[in-house]
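Structure record follows, encoded as structure tokens.
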Amino acid sequence: MSDPVSFGPDLAEVFGPSQSDGGPDLVQLLTPEGERVHHPEFDHDFSAEELRGLYRDMVLTRRIDVEATALQRHGELGIWAQLLGQEAAQIGAGRALRPQDYVFPTYREHGVAYCKGVDPLRLLGLFRGVDQGGWDPNENNFGLYTIVIGAQTLHATGYAMGMQRDGVVGTGDPDRDSAVIAHFGDGASSQGDVNEAFIFAASYNAPVVFFCQNNQWAISEPIERQTRIPLYQRALGFGFPGIRVDGNDVLATYAVTKAALQRAREGNGPSFVEAYTYRMGAHTTTDDPTRYRLNDELEHWKLKDPIERLKVYLRRNGLVDQQFFDDLDAEAKEMGHHLREGCKALPDPKPMDQFDYVFTEMTDEIAAQRDEFAAYLASFEGSHS
Amino acid sequence: MSDPVSFGPDLAEVFGPSQSDGGPDLVQLLTPEGERVHHPEFDHDFSAEELRGLYRDMVLTRRIDVEATALQRHGELGIWAQLLGQEAAQIGAGRALRPQDYVFPTYREHGVAYCKGVDPLRLLGLFRGVDQGGWDPNENNFGLYTIVIGAQTLHATGYAMGMQRDGVVGTGDPDRDSAVIAHFGDGASSQGDVNEAFIFAASYNAPVVFFCQNNQWAISEPIERQTRIPLYQRALGFGFPGIRVDGNDVLATYAVTKAALQRAREGNGPSFVEAYTYRMGAHTTTDDPTRYRLNDELEHWKLKDPIERLKVYLRRNGLVDQQFFDDLDAEAKEMGHHLREGCKALPDPKPMDQFDYVFTEMTDEIAAQRDEFAAYLASFEGSHS
Amino acid sequence: MSTTQKITLAKGLNMGLRKAMEDDDKVLLMGEDVGKLGGVFRITDGLQKDFGEDRVIDSPLAESGIVGTAVGMALRGYRPVIEIQFDGFVYPAYDQIVCQVAKYTYRSQGKVKMPIVIRIPFGGGIGAVEHHSESPEAQFAHTPGLKVVACSNPVDGYWMIQQAIAHDDPVIFLEPKRQYHADKAELDETATPEPLFTSRVVRAGSDATVLAYGPTVKTALKAAEAAASEGRNLEVIDLRTLSPLDMAPVFESVRRTGRCVITHEAHVNLGMGAEVAARITEQCFYSLEAPVLRVGAFDMPYPPSRIEEEYLPDLDRVLDAVDRTFAF
Amino acid sequence: MSTTQKITLAKGLNMGLRKAMEDDDKVLLMGEDVGKLGGVFRITDGLQKDFGEDRVIDSPLAESGIVGTAVGMALRGYRPVIEIQFDGFVYPAYDQIVCQVAKYTYRSQGKVKMPIVIRIPFGGGIGAVEHHSESPEAQFAHTPGLKVVACSNPVDGYWMIQQAIAHDDPVIFLEPKRQYHADKAELDETATPEPLFTSRVVRAGSDATVLAYGPTVKTALKAAEAAASEGRNLEVIDLRTLSPLDMAPVFESVRRTGRCVITHEAHVNLGMGAEVAARITEQCFYSLEAPVLRVGAFDMPYPPSRIEEEYLPDLDRVLDAVDRTFAF
Ligand SMILES: Cc1ncc(C[n+]2csc(CCOP(=O)(O)OP(=O)(O)O)c2C)c(N)n1
Ligand SMILES: Cc1ncc(C[n+]2csc(CCOP(=O)(O)OP(=O)(O)O)c2C)c(N)n1
Ligand SMILES: [Mg+2]
Ligand SMILES: [Mg+2]
């Protein structure tokens, strides 16, 4: 029996071929050309106002990103994690949330933060080095940015388990039923923590949506290093559904995420959404993507720009006029102004205050260190060695 | 769109129903009643000698286990991890190995160790507290027992990557082509490390077989805590085949593992074998399973005893005579004697020697500690405080 | 009117956990085998039966998962109490502990609390196999944002676990596993316990100070008894809190005695003894008749259990160190 | 005839890695982004191009996976050199490091070697966000079975990385990331380096001893210069090896000077300074005019980068501590 046997189910049959354009399983409601298509399962009747709103959100989000990138170039931020190209994935997901839903972001979820009502200016603090997340996570149900890859997926699962215990899952009351969304990247899917989060969520049937923005790259490493089959299929092995949506299609991302959240809120447990998208910028402002990827790829994805396709659709269907664009332009400018001025005005942290934050109440040990440090600093006043 | 949607593929459809008896996907060649059945993909023509050999291996393995358990009861071992009920899973897997294949065991792979030619006496050292694995892993290509759950699956994957670099995979030379087998339990499947091992193995197409003995329990926790779908299906989400075999059927386990190893040796990458079995004893000799599981369950599984069914088959088909059983009995007794006598004769470790093993060459620091300790011990000679 | 009962450490912890769960329904227990089995040491015995599966949670076999989900539950307002099955199995959760549990409060400038207790049965002496006898306290004490305490006796077990659970910062709670079922002590549930983050003089003396915590407190007390029979009067302090340290009683003692020995099961190199010695030397420089000496494990991995007692600090090695301080 | 060239630390490490790979084809590099990108700091720049993807391995994004597979490769006879992208990301691999890498040789009674080098860019001062400025050395030095070294300059970088790779025990190799592209130094590739596990006096002096390693060596040297201008003559020792420690030159120095300050970026509490201070006090008790003083981070998580320079030990804080030793 040394001839090669077919071992278990044929993977290609189970999963279908992997395709660089997202493959046949990609859920799409708006093509790159701006054509509205329909999906048998995931669809939604968008009102003109909804569509204009999503467009506006994406434009403002891109503006936040462009502005922050410029601030980094001008030395006002130490670094910035750009989201260029991922606006639809983030706005689609962010707008599918209800106020009672809770978000666990990575370091790139600027668009989701915006949807949750976090002042974008607050996002700059971390990158400017004045704080490590200046917003109150419980004010907008938007957690602090998490830098250790994947760690937040477990927090999300635990938070969702807390919701279960609070009796806010599956009650049938739409204002009460709640869910959690955990954001992470394609690279993060390789971390033990993320896979453990899948296991815990499945085991307890926790109301959490694992929302992965597969932007094709983890710094210099392509998605093929992390998985050899389409990533959304990872979920199947853990016993919950996975689905791939066109992450550059804000309508599809909205519809799919909404369904996933609803499923969770209703007590039907976790699911996995792979938003198939592309990081058009560098990993961060300190990265140089020309070292590891071809320009062709970027050009190819530029044709799928998430904002352009909705613009074309809105125009073609007469849902917008010039006034809309002018107003939005003004709003974006205002946003830019807010960030530029606000950034420079962000107060530097006070070294002496830092001692306050280590514990909920300062220990004697820390108080002693603070006092010594104060005395040391005071010793420079007047004479200086 | 607040009605519940069917979200992604229907799991029950993809995976089939989970069944406590192993379900329809269970590969079996010998029924609990000792009836030989055939499988379209995984079969093997066993010679009478092979069959008698497998039977003998299981009986001797059980004897090792029974003997060690008794030694623990008599205070000769601090603890013992029993394999009662898992003989077929271990012998099936162990006999499928070639000498050049390498094993990464847990703490329970006594049967596999035996197949690899490790003197069972050597296994006792760890449990007696005289060493932490007294065999040389490279002598029999049998790694040291690993106690931290799941850690060895990564070692296995790395070792397999080393084989790839050594050019001993996919050459077509059966004496050269090699593979690794990584043993772990159902509980272990929840560890980040195990899932990372799947990812690395898939990413590099490493020649490793992940061999999981699903004995239904991780100490007191049932398999349902770790997964809500059959465990072998976990592999599919990582992009390699998974298969469930009747782990109480030594013939099926042998055939399936052999195919999996061959696949790996030929350069076709990792696969996952779930040996569906049952831990008939306690987790270890310090465990009390009556606290968490019903006797009924045990009784149910006793009817599937891995040794009994092969005995019935051998007898019914006239492949054995009384002499065979008598000889085997004598051999088992001899094994018992070897373990009992050998165990008590295992030399206690010498405290002074321990300093030698921390590093490949002793550092001055450690030498100083050794010398101080020696002087301290010497101070007791003669007078004593 | 106080009623007292004789309890083991295991019982004290079990009673303390029960009390904490009764007092605050946000308290949850999580871990491997903590439910039906009541934990491999039976510390959570009976609690799932009485408080249900939602509050005493058997987890999948993944320590990072346990701690990581506990962080999420704490963010939702719960007070998770985690059992790590054995000391050597805390490391898969190390990242979540040092990067998340320890830092969340600081990261959020105090806006977020992390009232998580991580219970770790620690230390050796039970004849176990590898990874079951570790003393990982120094690594946690080195990490800002964590508090680290160690109980040494049944009564402290009862009170300290309740105090740790009621505390709003994360606490690494070390339990000397060899003591779980060893000695009994009289518990008066109506008494008022001392604050959690305090050291305690457990035997007064004047010739030298011996510092200990967790399992070595008993060793130190035995050493003091033996020394007394030879006319040497040792003061023994149970540190109880390892981070923050409560050094005031230590300084006071060492200034009186001039000599100090610290003993723990952890490796000497960069163990708690290093920090305590450095602080004593900084603060009591002119009082010291001898350097602070440290008695702990040799700098090697924990040995096979047949010889563990030769490696663990014992009465003789403590006395030997005391003798050496007198040789200065 | 020796030819020399001026190199940065980044260049020295890159050259050293290349040399090690040329010398021994069992040497493999593994890590996130070490291949095409050459690492986020470009330390492995060009190596995948020249040695191929089988020897310079871009890994999935999982640190435990990287270290765990390296253990397997070491068992197969390879010599893996791992790059951890930033200090703060070593913790997911902590379990594999302390329970497997550190213990395998001991567990097998010396039958198995673990020639693994784990390179960690460490320390702050680069204006980074959280988790990118940590100093985790004490945790590894506390773990028996690991060796821990820190380079401080380009020439040491070149030699030490080769020596670490050629060494048969696991080495945690700390690289002061703020120095990667800072100063250049003259490298003579034909020179004979000192042994790996040795400390080195980098400035002779007689009034007090300042100990440093990694990024603080430069700080200490600057402090010594400033002190010299005020007539105080500081001896500076670059510890280089943190485990094992090479204390002989330190004891010799402190016995002469009677005063010692140690500085590192890690937290003072249970940092390397605690161990070094304890050992000095034990061995040089009668020579000490003052306690060994420690200058390091306050016991809080690493702060937002805008104020990191106020937290990191600097020239002034080192001098202040030296002053304080003279106040005794
Ligand atoms: C545990 C850990 N390891 C490494 C890093 C360094 N790092 C930051 S982002 C990144 C790539 C993440 O890729 P992905 O998950 O795809 O997210 P993306 O940045 O593409 O959105 C890496 C390796 C980290 N932050 N945490
Ligand atoms: C990291 C870690 N956590 C916890 C333990 C304690 N422990 C030992 S065996 C075990 C259960 C293992 O179950 P499973 O993987 O199913 O293997 P089995 O013992 O059933 O063969 C546990 C929790 C451990 N050894 N390592
Ligand atoms: Mg990505
Ligand atoms: Mg099991």
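Checking each residue of region D:191-212 against the condition of being basic (Lys, Arg) and under 28 Å from C:Phe298 (Cβ atoms) gives at least one match. The set of residues in region A:155-173 that are facing chain C (nearest Cβ under 10 Å) and charged (D, E, K, R) comprises A:Arg165, A:Asp166. Regarding A:Ser178, is this residue over 14 Å from the mean Cα position of the chain (by Cα) and within 16 Å of ligand 4 (Cβ to nearest atom)? Against the criterion (over 14 Å from the mean Cα position of the chain (by Cα) and within 16 Å of ligand 4 (Cβ to nearest atom)), A:Ser178 does not qualify. Scoring C:Val67 on the criteria (1) more than 11 Å from ligand 2 (Cβ to nearest atom); (2) within 18 Å of the chain's Cα centre (by Cα); (3) not in a loop (DSSP other than H, G, I, E, B) leaves a single failure, condition (2). Once region C:232-267 is narrowed to residues that are surrounded by fewer than 19 Cβ atoms within 10 Å (Cβ to Cβ) and out of contact with any Asp or Glu (no Cβ under 9 Å at 6 or more places or on another chain), the residue that is nearest to D:Phe298 (Cα to Cα) is C:Phe251.
Condition check for C:Lys11 on (1) basic (Lys, Arg); (2) within 13 Å of chain A (Cβ to nearest Cβ); (3) within 18 Å of the chain's Cα centre (by Cα): one failure, at (2). Taking each residue of region C:1-22 that is assigned by TED's automatic domain parsing to the domain that holds C:Met160 and looking for partners that are among the polar types (S, T, N, Q) and part of a strand (DSSP E or B) with beta-carbon atoms closer than 9 Å, six or more apart or interchain, yields C:Lys11/C:Gln5. Restricting region A:158-194 to residues that are in contact (Cβ under 8 Å) with a residue 24 or more places away in the chain and polar (S, T, N, Q), which is surrounded by the most Cβ atoms within 10 Å (Cβ to Cβ)? That would be A:Gln191. Restricting region A:117-145 to residues that are among the small types (Gly, Ala, Ser) and touching a strand residue (DSSP E or B) at 6+ places or on another chain (Cβ under 9 Å) leaves a set whose member that is nearest to the other protein chains (Cβ to nearest Cβ) is A:Gly143. Within region D:49-76, the set of residues being surrounded by fewer than 21 Cβ atoms within 10 Å (Cβ to Cβ) and more than 7 Å from chain B (Cβ to nearest Cβ) comprises D:Lys49, D:Asp50, D:Phe51, D:Gly52, D:Glu53, D:Arg55.
Would you check if there is a residue in region B:213-233 being among the basic types (Lys, Arg) and over 18 Å from the mean Cα position of the chain (by Cα)? Yes: one or more hits. Meeting the requirement of 1 or more residues that are among the hydrophobic types (A, V, I, L, M, F, W, C) and modelled with pLDDT of 95 or more, the helices (runs of 4 or more DSSP H) wholly within region D:76-179 are D:137-141, D:154-166. Of the candidates A:Glu196, A:Glu139, A:Glu87, the single residue that is under 13 Å from the mean Cα position of the chain (by Cα) and among the acidic types (Asp, Glu) is A:Glu87. Residue under question is B:Ile229, and the condition is that it be within 16 Å of ligand 1 (Cβ to nearest atom) and aliphatic (A, V, I, L, M); does it hold? No; evaluated as a whole, the condition is false for this residue.
So D:Thr4 clears everything in (1) surrounded by fewer than 22 Cβ atoms within 10 Å (Cβ to Cβ); (2) of a type outside the set (Lys, Arg); (3) at pLDDT 95 or above except one condition, right? Which one? So D:Thr4 meets the others, but not (3). Return the only residue of D:Glu275, D:Glu309 being more than 16 Å from D:Leu211 (Cβ to Cβ) and part of a helix (DSSP H, G or I). Within the list D:Glu275, D:Glu309, the selection yields D:Glu309.
Anything in region D:200-241 that is of a type outside the set (Asp, Glu) and part of a loop (DSSP other than H, G, I, E, B)? List them, or say none. Of everything in region D:200-241, those that are of a type outside the set (Asp, Glu) and part of a loop (DSSP other than H, G, I, E, B) turn out to be D:Ala204, D:Gly205, D:Ser206, D:Tyr213, D:Gly214, D:Pro215, D:Gly231, D:Arg232, D:Asn233, D:Leu239, D:Arg240.
Out of B:Tyr114, B:Tyr107, one residue alone is assigned by TED's automatic domain parsing to the domain that holds B:Val256, outside any helix (DSSP H, G or I) and in contact with a helix residue (DSSP H, G or I) (Cβ under 8 Å, 6 or more places away or on another chain). It is B:Tyr107.
What tally of residues in region A:84-93 results from selecting those that are touching a strand residue (DSSP E or B) at 6+ places or on another chain (Cβ under 9 Å) and either more than 15 Å from A:Phe142 (Cβ to Cβ) or surrounded by fewer than 24 Cβ atoms within 10 Å (Cβ to Cβ) (or both)? So the count comes out to 4.
If you check B:Ile223, B:Ile219 for being surrounded by fewer than 24 Cβ atoms within 10 Å (Cβ to Cβ) and more than 12 Å from chain A (Cβ to nearest Cβ), only one passes: B:Ile219. Here is the figure for region D:312-328: residues that are assigned to a helix (DSSP H, G or I) and among the aromatic types (Phe, Trp, Tyr) total 1. When A:Asp371 is tested against (1) assigned to a helix (DSSP H, G or I); (2) farther than 30 Å from C:Ser243 by Cβ, exactly one condition is not met: (2).
Hey, among A:Glu41, A:Glu35, which residue is charged (D, E, K, R) and more than 26 Å from A:Asp177 (Cβ to Cβ)? Testing whether each residue is charged (D, E, K, R) and more than 26 Å from A:Asp177 (Cβ to Cβ) leaves just A:Glu35.
The sole residue among B:Phe359, B:Phe355, B:Phe380 that is aromatic (Phe, Trp, Tyr) and touching a Lys or Arg at 6+ places or on another chain (Cβ under 6 Å) is B:Phe355. The set of residues in region C:287-307 being out of contact with any Lys or Arg (no Cβ under 9 Å at 6 or more places or on another chain) and either more than 22 Å from C:Leu242 (Cβ to Cβ) or modelled with pLDDT under 95 (or both) consists of C:Met300, C:Pro303. Here B:Gln152 meets each of (1) within 22 Å of the chain's Cα centre (by Cα); (2) more than 16 Å from ligand 4 (Cβ to nearest atom); (3) more than 14 Å from chain A (Cβ to nearest Cβ) with one exception, condition (2).
Mind listing whichever residues of region C:294-319 are buried (at least 21 other Cβ atoms within 10 Å of the Cβ), more than 20 Å from B:Pro349 (Cα to Cα) and within 10 Å of chain B (Cβ to nearest Cβ)? Selection gives C:Leu319 alone. Taken over region B:64-121, the residue count meeting the criterion of being on the phi > 0 side of the Ramachandran plot and touching a Phe, Trp or Tyr at 6+ places or on another chain (Cβ under 9 Å) is 2.
The values are calculated or read from the model by the stated rules, or taken from the named source; none is laboratory data. Everything numeric in this text was worked out from a predicted model, so none of it was measured. As a convention, Cβ positions derive from the backbone with ideal geometry for all residues, glycine included, and neighbour counts pool all protein chains shown.
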